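In what follows, a structure is listed as structure tokens, so that the remarks can point back to it.
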Amino acid sequence: MGLDDKLDERKLKILQAIIRNYLETGEPVGSRTISKYTDLNLSSATIRNEMSDLEELGYILQPHTSAGRIPSDKGYRLYVDQMMLEKEEQLNQATQEVKEMQKILLEREDKMEATLKQMAKMLAANTNYATLISAPQVKGNKLKFIQLSRLDASQLLATIVVEGNVIKNSMIRVEEPLDDESILKLNMLLNTNLNGLPVEEISLAMISKLKAHAGVHDTIVSEVMEVISTVIREDEDVEIYTSGTTNIFKYPELADNQRASELITTFEEKNLLNELFQESLEDESGTGIQVYIGNETPIKTMKDCSVVTATYELEEGMKGTIGIVGPRRMDYDKVISTLKTLKQQLDIIYKK
């Protein structure tokens, strides 16, 4: 519904004040109340005149038993339409911010990947051991923003942003085209209920409640929840950068064919390193440094090695692990000192 030509900004503000006040109190609203309620600095007489005009235009009614006014259906409709427009503008602004954030994050991720690869090479050259560095992960993700937007008549794009500015985009197929108002209502429903919520606190009961509110669009809510769960799963499958694996051959106790082959395979099949890194990330000692000697390492193929790991922490709780793998007779003092220095350097480089 468009704005009435006779409804100027002052009348609109007075109408909005009447409706908000009536929604709060349930009582007819008088001119004196409105003069206190708005920032228009108008006299009660002026407000009375404006309220008379609003009544003539059909936006408010005067109950017979009261000098105050209440909104009419026409007034409520205008109020709701204006509110929806404002919400849509807010979501559009947020969507634009997400696009800008995606661009910045892609640039930052490229920089981070190059930095981590370079550091892995530097570590390997400096220590003469094999090195590995995991990309930072975010633990205890909180949802920051959810945006559904139409790609075409049969597809929606779901954009999920979580704490640490991790962004996931996914296509959702729809059987029937959704109009703009339905998409806006779904965005409002999802963001109102889920923004700021830790992902692990999303329960089946909450999902059922959202699906009930979504009505005929309940399958879209289910699909969005599935996208959110993939953010968690993907976060567990972290990127790991390695360097200096051939340094293993410099140490006779690790250089025989079987041992060397097993170690090289472990470095190539990077998912095998996840258990080691997860244990390092969960270390609560406060030092951030873990030393595994021989059989202490959770990876069987490294039972003849020593592994030293360091946890680095970046903004918004983003954590990763640096690891150095060598023989049991490695230079522990040098390795630990090098890792402590590298943690500080990584923090400085990332925050630039």
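Where a number appears in this text, it was derived from the coordinates with a stated rule and is not lab data. Quick caveat: nothing in here was measured; it's all calculated off a predicted structure. Please note: Cβ atoms are built from the backbone with ideal geometry, for glycine as well, and neighbour counts cover all protein chains shown.
Under 5 Å between amide hydrogens, built in the peptide plane, is the criterion, and for GLY30 it picks out ARG69 among residues at least 5 positions away or on other chains. The charge dipole of region 9-71, taken about its Cα centre with unit charges on the Cβ atoms of Lys, Arg (+1), Asp and Glu (-1) only, comes to about 140 debye. Applying 1/(1 + (r/R0)^6) with r as the Cβ-Cβ distance of GLN155 and SER72 and R0 = 30 angstrom yields a FRET efficiency of 0.15.
Taking amide H positions as modeled 1.01 Å from N, with prolines and chain starts lacking one, no residue 5 or more places away or on another chain lies under 5 Å from ILE299.
Using alpha carbons only, the radius of gyration of region 16-73 set against its Kirkwood radius gives Rg/Rh = 0.92. Whole-Hz Karplus values for region 294-299 come out as x, 5, 5, 5, x, 9 Hz, taken residue by residue from phi with 6.51 cos²θ - 1.76 cosθ + 1.60 and θ = phi - 60°; glycine and proline positions read x.
If you rank ASP180, ASP331 by fewest surrounding Cβ atoms within 10 Å, what's the result?
Values: ASP180 10, ASP331 13.
With the sparsest Cβ surroundings first, the list reads ASP180, ASP331.
Taking amide hydrogens as placed 1.01 Å from N in the peptide plane, the amide H of PHE145 sits under 5 Å from those of VAL161, each at least 5 positions away in sequence or on another chain.
Across region 253-262, coupling constants 3J(HN,Hα) worked out from phi with the 6.51/-1.76/1.60 Karplus curve, θ = phi - 60°, read 5, 10, 8, 5, 3, 5, 4, 4, 4, 4 Hz, and Gly and Pro carry x. Residue pairs exceeding 22 angstrom between C-alpha atoms, taken from LYS13/LYS74; LYS13/LYS36; LYS168/LYS340: LYS168/LYS340.
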